[in-house]
Structures are given as C-alpha cells and as structure tokens.
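Asker: Let me begin by handing over the structure; questions about it come next.
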Amino acid sequence: MRELDGGSPSATSIVQAIVTLAHSLNLTVVAEGVETSSQMARLKALRCDVMQGYYLHRPAPAETVRGLLAASRAKGDNTSVPVQTPCEFAA
C-alpha cells in the first residue's frame, strides 16, 4: 500500500489490474493494510470495494467490532460489511 501514497505508476497499474480481474469474476475486492487517507482515496478511485487497516481502525476483539458496526448502522451508515463469526465462515 505504501507505493500508492507516492502515486507509483507500477503500483497503481498492479492494483487496477487486480481490481478489474476480481470484478470481472464477480468478486469483492478487499484491500488490507490501509494506513493513510491518501491510500484510501487512491483505492476508492480504483474502485476497491472494502478496505481495512490502521487508518480505519486498530485491531479489536470481535465483540468490539460488532458494537462499532451496530453503532454505525444506527447512524444510518450502511457501508460497513457485516461481521461473521468463525462458525459462519466454516459453513
């Protein structure tokens, strides 16, 4: 992600290719390791679907994340992805 901060043409091209490929396969694109507002802005411009990283929130226990998502939804923010428990992933 750091290379996106400097606007590296090769980094941008690689991310764009990955996003395009994933979307052509009807996949959701998740960017991990977003640490700055400029990285987030570049990823949004490249049509990345979901982002996670220290810029958005520090790691937290599942219950804390569920509370944050519930509070976000109560405010009318529907951009968050639902949290799944490990059992739901195994199904």
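Asker: Long-range amide H contacts for Met51: which residues qualify at under 5 Å (H placed 1.01 Å from N, peptide plane, sequence gap of 5 or more or a different chain)?
Answerer: Ala31
Asker: Let me ask another. Could you go through region 36-41 in sequence order and give the Karplus-derived ³J(HN,Hα) for each residue, using 6.51 cos²θ - 1.76 cosθ + 1.60 with θ = phi - 60°, rounded to whole Hz, and x for Gly and Pro?
Answerer: Here the 3J(HN,Hα) series is 9, 5, 5, 4, 4, 5 Hz.
Readers should treat all values here as calculations from the given coordinates under stated rules, not as data from a laboratory. Model, not experiment: these values are computed from the prediction.
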